[in-house]
Amino acid sequence: MGNFGTDPRTRDNYYRPSPTLLKVFSYFNEDDIVNNLSRRVTTGMWTGDTGSLNSFFTSSAQSASSGDWYFNVYNANPDVTSSAEVQFSVAFGDRTGNNYPPISVDNTSKEPTKATYAQYRNLLLDPEDDEFTFGGSVNSDQIFVINIQRSRLKQKMDPGNWQLTLTTGSATVSLIDDSGDNFDQLVSGTGRKYNIVSGSITNGVSTIFKSAANEASGGLGLFYPDRGILVLHPYAIQQVLKDTSGHVQTFVTHSQSVAASIFDSKYDLLKMIQGGGLFQARNEEVVTSTHYFVRVKNRDYNFSNNSTFYTSSDGTLKQNSFIGDPRVYITTVGLYNDSNELVAVAKISQPILKSFDRECLIKCKLDY
């Protein structure tokens, strides 16, 4: 479109500009491009960018195959709803392989709980560390793991912006992280690490009921936002749930690495999540943008190449009012590379009137 280089002082003397005067594109100057503008974006974690998940389902097909290691958790029943999507997975790990026969007894044993513990130990702990330590002081041979599905996570899980409710019987506990109280982030090869504590989030403000250091049975878990992984301490979770149900808090006299009878698999964690009926979470990503400022001067792009702009007989303007004062509307901007290949198209929200007495500035933004 447009009058590409015709002197506006002589525009009354022609009907259609000569093709030799038409330029089909304009080069950007250095000051027309602004690179590497970053901003933090947070959205709801779950399908449809929702922040709350209230129903939790598993797949019978998945349970029959890889169910010895983990359960995928869906937002709807995948056995009856084709649109159901995986939101996260739950797993149980035992450093000694508890609840499954060892290879020395059954050479076909896969020892899934031992393999799960080893997998997350290798992923999350320092090379010289063999056990998960909760509350800064309590080691545990057993762990519950919640692993957010990768497409839900984007770049990372938003610290201080999630809450998980666990319920068994009449006992309930709400879990959050203590990132709001940690000015010095614990950083390792896996990224940031925070404690999981009992608490709640109301109107975006988190309230911690008891810090990890004050939990007599050890902290409730560890949160790795850059990995999207929550590692829970089964024994400590049991003690908190006993408290909230009104039972007298008791502690076993043997090693706390021996799990209580009600917490011996990932199935127990799944049932507690389903009983709680609430998992609020948001993801986080840093979006980098490049801004292209398209400057359309008054003498440029005032004609259209559309056949409806001219008569087919002699090429004169169809609208007599356009003689000496052509008018067009800009609707689209195309961005080309040096090989004259169209690489991006920007659509204008509404047509912009362009004429010899009007200029415009259009900002095109590319996110990546």
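Each reported figure results from applying straightforward, stated rules to the coordinates on display, with no laboratory input. It should be emphasised that the depicted structure is a prediction, and the values quoted were computed from it without experimental measurement. Positions of Cβ are backbone-derived with ideal geometry, glycine not excepted, and every protein chain shown enters the neighbour counts.
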Can you give the local net charge around residue 35? Use residues other than it whose beta-carbon is closer than 15 angstrom to its beta-carbon, Lys and Arg +1, Asp and Glu -1.
-1
Residues whose built amide H sits under 5 Å from the amide H of residue 319, excluding neighbours closer than 5 in sequence, are none
FRET efficiency, residue 77 to residue 170 (Cβ-Cβ, R0 25 Å, nearest 0.05):
0.40
Rounded, prolate or oblate: which fits segment 116-164, taking a ≥ b ≥ c as square roots of the Cα gyration tensor eigenvalues, rounded meaning a/c under 1.5, else prolate when a/b beats b/c?
prolate
So which lysines can residue 156 reach, going by Cα to Cα under 25 Å and dropping same-chain residues fewer than 8 places off?
193, 266, 365
